Amino acid sequence: MVVSAVGSCNALESLWYLIGAMGDGTYYVTNDGHYVVEYGQKDRTWLETIESKALCLGYRVFIVHHKGTYWKAKIYSKEFYNLTVETLSRLHEILTSLQEELFKAYARGFFDAEGTITKHYRRTIRIRIAQKDRELLEMTAKRLRELGISATEPFLNDKHGVYVIQIPHHAVKKFMEVIGTEHPSKKARYLLFSQSLP
C-alpha cells in the first residue's frame with residue numbers, strides 16, 4: 001500500500017476518498033493487458049479532484065471526454081487496480097473499524113460520487129446518498145451517527161431501484177462541517193441553500 005504523502009497531501013485520506021468515490025467508478029483489464037481504474041461523471045471539474053487524489057498517491061490520471069456531457073478519469077496502474085479490488089472486496093469488514101479521519105475521507109468521496117443535496121418546500125434541505133448495496137449504506141449511516149450526524153436507515157427508492165440514506169435538514173450543517181465535500185457543484189449548491197439552515 002502507498003502511504004507516503006506528496007507535498008502537503010495525505011496519502012491515506014486520498015486513498016479512502018478514492019475508494020468512497022468508486023460509487024461513480026469501475027475497474028477492468030483491457031484486451032491488451034492494461035489495468036484500469038476509472039471514474040466517470042458529467043462534472044469534469046470533480047474529476048480534477050479525483051486527479052489530485054491520485055497524484056497524491058503517485059498515480060497519473062487521464063481525463064477524457066466520453067460522449068455527450070460525460071467525462072472519465074482513468075488511472076492505468078496494476079498496483080492501484082489490485083489495491084482497489086482488494087479493498088472493495090473487504091469493504092464491509094474494514095468500514096466497521098476504519099479510523100475516524102479515514103472514514104470521513106471515505107464518506108466524503110462516497111457523498112461526492114453518490115450523493116445529492118436538494119432544497120424542498122418550506123426551505124428545508126436534505127442530503128441523500130444512494131447505492132444498491134443496502135448493507136454498505138447501513139454501515140455508513142451507523143458510522144455517521146457515531147459522529148453525531150443524524151442519518152436514516154436505508155430505504156428503497158422504487159423509482160430508481162436503489163437504497164437511500166437521508167441526512168435530514170437539521171443535520172445537514174453538521175454533515176458538511178464534519179464530512180464536507182470536495183465536489184465543486186455540491187459546494188456551490190450547499191452555499192446557495194445554506195442560508196436557510198438553522
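The label point for His92 and the one for Tyr28, both projected 7 Å from the Cα toward the Cβ, are 2.6 nm apart.
Using a 10 Å cut-off on Cβ atoms, rank the peptides 87-97, 132-142, 106-116, 71-81 from the highest mean neighbour count down. Each step should come with its number before you reach the end.
Details: 87-97: 13.1, 132-142: 17.3, 106-116: 24.0, 71-81: 19.2.
The packing order, highest mean first, is 106-116, 71-81, 132-142, 87-97.
Overall, region 11-89 carries a charge dipole of about 240 debye about its Cα centre when +1 sits on the Cβ of Lys and Arg and -1 on the Cβ of Asp and Glu, all other atoms neutral.
Across region 98-112, computed HN-Hα scalar couplings (Karplus, 6.51 cos²θ - 1.76 cosθ + 1.60, θ = phi - 60°) run 4, 3, 3, 5, 6, 4, 4, 5, 4, 5, 5, x, 4, 5, 4 Hz from first to last residue, x flagging Gly and Pro.
With a Förster radius of 22 Å applied to the beta-carbon distance between Glu138 and Glu177, the computed FRET efficiency rounds to 0.40.
I need the calculated FRET efficiency for the pair Phe62 and Ser185, taking r as the beta carbon distance and R₀ as 22 Å, to the nearest 0.05. With a Förster radius of 22 Å, E is 0.50. Counting only alpha carbon atoms, the long axis of helix 184-193 and the longest principal axis of the chain meet at about 10°. Annotation: lysines with alpha-carbon distance below 27 angstrom to Lys174 (same-chain offsets under eight excluded): Lys53, Lys104, Lys119, Lys132, Lys142, Lys186, Lys187. Remark: region 141-152, residue by residue, has Karplus-estimated 3J(HN,Hα) of 4, 5, 5, 5, 5, 5, 8, x, 9, 5, 8, 6 Hz, where x stands for each Gly or Pro and the curve is 6.51 cos²θ - 1.76 cosθ + 1.60 at θ = phi - 60°. Extension gain, Phe155-Thr116: 0.36 nm per intervening residue step, less the Cα-Cα distance, totals 12.5 nm. Assuming charge only on the beta carbon of Lys and Arg (+1) and of Asp and Glu (-1), the dipole of the chain about its Cα centre is about 920 debye to the nearest 20. The structure-derived value of Cα Rg over 2.2 N^0.38 Å appears in the list (1) 1.42; (2) 1.02; (3) 0.97 under the label (2).
Rule-based calculations on the coordinates, nothing more; no lab input. Because the structure is a prediction, the values reported are computed rather than measured. Note: ideal-geometry Cβ built from the backbone for every residue, glycine included; neighbour counts use all protein chains shown.
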